[in-house]
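The values are calculated or read from the model by the stated rules, or taken from the named source; none is laboratory data. Remember, predicted model here, so these are calculated numbers, not experimental data. Positions of Cβ are generated from backbone atoms using ideal geometry, with glycine treated the same way; all protein chains shown enter the neighbour counts. To get the accessible areas, we keep the full protein, side chains included, count just its heavy atoms, and leave off ligands, DNA and RNA. Shrake-Rupley method; radii C 1.70, N 1.55, O 1.52, S 1.80 Å.
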Amino acid sequence: DDSLVNDEILIPPMVIQPYVENAIWHGLLHKEKEGHLKISFTLEEDLLVCVVEDDGIGREKSKEYQSKSSTRKSLGLKITAERIELLNEHARVKCGVTLDDLKNPQGEPTGTRVIIKIPIHQL
């Protein structure tokens, strides 16, 4: 959003990056055609809303690839969830994350949308 003054908004470290990385590695990497990643920031009252959206293969299909090819478990989102929980408990910053599986009218996966809400008045 062009109305945001980026010098005045503080984002807790390593809250958005793991979701962007996940979109690339798990959503777009296995896509046969060119993929797209959109990252947007808007302000809704006292909330900074970051939307990370990809048109990748979707979370369900990605899990199939992971179970076939990987012997190690990715900890990025687990660590991020713990970081958000700590922010919510100790810093009293109420962050929220929503994951949406995007589907076409036929019910086929068309990507993933992650919505991260961070109250900016408390940072």
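Within region 4-29, being touching a residue at least 60 places away in the same chain (Cβ under 8 Å) and surrounded by fewer than 14 Cβ atoms within 10 Å (Cβ to Cβ) holds for Ile9, Leu10, Met14. When Ile57, Ile118 are screened for being more than 19 Å from Ile16 (Cβ to Cβ) and at pLDDT 85 or above, only Ile57 passes.
Check region 30-37 and report whether any residue there is within 27 Å of Gly107 (Cβ to Cβ) and open to solvent by less than 60 Å² (accessible area, probe 1.4 Å). Show your work before the answer.
Pass one, region 30-37, residues within 27 Å of Gly107 (Cβ to Cβ): 30-37.
Subset that is open to solvent by less than 60 Å² (accessible area, probe 1.4 Å): 31, 35.
Checked region 30-37: at least one residue is within 27 Å of Gly107 (Cβ to Cβ) and open to solvent by less than 60 Å² (accessible area, probe 1.4 Å).
Out of all the residues in region 49-63, is one or more more than 16 Å from the chain's Cα centre (by Cα), within 22 Å of Ala81 (Cα to Cα) and without any contact (Cβ under 8 Å) to a residue 12 or more places away in the chain? Yes, region 49-63 has at least one match.
Applying the condition of being modelled with pLDDT of 90 or more and loosely packed, with under 14 Cβ neighbours inside 10 Å to region 38-48 and asking which residue is farthest from Asp100 (Cα to Cα) yields Thr42.
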